[in-house]
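The values are calculated or read from the model by the stated rules, or taken from the named source; none is laboratory data. Bear in mind the structure is a predicted one, so any value in this text is a computation, not a measurement. Positions of Cβ are backbone-derived with ideal geometry, glycine not excepted, and every protein chain shown enters the neighbour counts. Calculation scope for accessible area: heavy atoms of the full protein, side chains included, ligands and nucleic acids excluded. Shrake-Rupley method; radii C 1.70, N 1.55, O 1.52, S 1.80 Å.
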Amino acid sequence: MRVSSKSCAPAMVCGALVAAAGLVCVMTTQKFAEQDSARIGFASTSMSVSRAPARSVPACLRTRTRVHSNIMGSEERQGEISATNPGNSGLEIRRRSFAETTGLMAAALGATSAMEPKPALAAKISAWDRVPLPVSDTAVLFDLSFVDENKAFLVGSQGTFLQSKDKGFTWKAANLDNIVGGEDDINYRWEAISFKDNEGWAVGKPAIMIHTTNGGETWERIPFSNAVPGDFLGVTALGNGGAEVITSAGAIYKTVNAGKNWKAQVLETIDATLNRVSSSGVSGASYYSGSINSVIRDAQGQYVGVNARGNFYLTFKPGSDSWMPHNRKTIRRIVTMGVLGDDLKDSMWMTTRAGGISFVKGEANLDVPEIEFYETNINAGGYGILDVTRRDNGDLWAVGGGGKIFLSRNDGKSWIADNSGDNQPANFYKCKFWGDKGFILGSAGVLMRFTDA
């Protein structure tokens, strides 16, 4: 509210004693100005989820070689996702100066001042609420998939494998008694889960793959060889016994008979590709960068992955023999990449350290080393953005370090901060929607559920 006063006549001081009320009223012409500032500072923080260092790929994999279709297995891999906030950075709120004014000061009513409202830091513009989970407060949530309108599964570190039958409002441990426990007392890190109708697949580390055909009521373990390069990073259920898995070494395998046989989709590892093209002008494409820690598959079967150091990225098209490395056209290292639509060529996005976010410009040519992106201003306060997703209604949601949540209703041209996660002790790694059901997955065992406000 703005309060102003009309200027008084020439400066004068008059006093009158009102005996009955015992009130002294003094009128005077005054000049006053007030200015102050409040600063909210964010401490320099950095949080990483680091995967185990990768063992060297055997020499036979450093050269162009065909990977046999019956090979399935795992090696240790390296990966790091960081959400950084630069030191000594802060968001300053400054009250505007009061205009020079004169006024009547009435003691009986109390003093009032003309002041502009403070700019809002963030508002709760939606109903993102935390869902209680039966997990440790040190668990990290990695993936979530719905079987049908009501049933869903949630996976993560420290053996987290949960099931919901009420659209994600409540969760309990899924029945994996025939998979883990007993002699196999391993605390698995479940990396990914995917359902197509009632058929589902989940992968994790130490190397494990499981499969269900009845909506997760029972699961079976899928055996594989120990010669597959890298660790399982992701899995996509294709239905009718079909699935595709990808590893941190860029190996992609496909089955059409429920895991009885697998066919290699890539004919050389990323290590071998980088050795072959390291002199092609792709910055950072050295042998020592041959693993990925962030990867996404689009509806066409195309992949985009970020190398472990974040200094370049790679794409893969079905039918290609190898991955295609691409330069990053920014001085900041890449945090993660993804896709907003069915085809990454026209819906890729990229996030960089300190809160940068960019979108592909036009339709990308995946066969050239450099792809054009345009950057938008999200004002993340230095925190890294770790995932971006699009709702069916066109809204874009971005999440990241420090519990940051942002909404764009104009295709990423501008962003509004949502403070729903400000009090959560977590970094947010993934945001997923199924119709009107939305979820944010984070560290510290934090799961946020969405409903329209």
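Restricting to region 402-453, give me the number of residues that are part of a strand (DSSP E or B), touching a helix residue (DSSP H, G or I) at 6+ places or on another chain (Cβ under 8 Å) and among the hydrophobic types (A, V, I, L, M, F, W, C).
The number of residues fulfilling the criteria is 4.
Could you list all residues from region 222-259 that are modelled with pLDDT under 95 and either surrounded by fewer than 24 Cβ atoms within 10 Å (Cβ to Cβ) or within 15 Å of His211 (Cα to Cα) (or both)?
The answer is Pro223, Phe224, Ser225, Asn226, Ala227, Val228.
Condition first: open to solvent by less than 40 Å² (accessible area, probe 1.4 Å) and more than 14 Å from Ile371 (Cα to Cα). Now tell me which residues in region 335-353 satisfy that.
Val335, Thr336, Gly338, Val339, Leu340, Gly341, Asp343, Thr351, Thr352
Taking Ala380, is it assigned to a loop (DSSP other than H, G, I, E, B), open to solvent by less than 60 Å² (accessible area, probe 1.4 Å) and farther than 24 Å from Lys167 by Cβ?
Considered against the rule, which asks whether it is assigned to a loop (DSSP other than H, G, I, E, B), open to solvent by less than 60 Å² (accessible area, probe 1.4 Å) and farther than 24 Å from Lys167 by Cβ, Ala380 comes out as yes.
Give me a count of the residues in region 260-299 that are under 24 Å from Thr336 (Cβ atoms), open to solvent by 60 Å² or more (accessible area, probe 1.4 Å), at pLDDT below 80 and not in a loop (DSSP other than H, G, I, E, B).
So the answer is 1.
Results for (1) in a strand (DSSP E or B); (2) out of contact with any Leu (no Cβ under 8 Å at 6 or more places or on another chain); (3) farther than 18 Å from Gly234 by Cα, shown as yes or no for each residue.
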| position | (1), (2), (3) |
| --- | --- |
| Asn175 | no, yes, yes |
| Asn178 | no, yes, yes |
| Phe195 | yes, yes, no |
| Ala202 | yes, yes, no |
| Ile210 | yes, no, no |
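Looking at region 355-372, can you tell me whether even one residue there is free of Cβ contacts under 8 Å to residues at least 60 places away in the same chain, within 19 Å of the chain's Cα centre (by Cα) and part of a loop (DSSP other than H, G, I, E, B)?
There is at least one residue in region 355-372 that is free of Cβ contacts under 8 Å to residues at least 60 places away in the same chain, within 19 Å of the chain's Cα centre (by Cα) and part of a loop (DSSP other than H, G, I, E, B).
What about Thr389, is it over 16 Å from the mean Cα position of the chain (by Cα), touching a residue at least 12 places away in the same chain (Cβ under 8 Å) and either open to solvent by less than 20 Å² (accessible area, probe 1.4 Å) or more than 18 Å from Phe169 (Cα to Cα) (or both)?
Considered against the rule, which asks whether it is over 16 Å from the mean Cα position of the chain (by Cα), touching a residue at least 12 places away in the same chain (Cβ under 8 Å) and either open to solvent by less than 20 Å² (accessible area, probe 1.4 Å) or more than 18 Å from Phe169 (Cα to Cα) (or both), Thr389 comes out as no.
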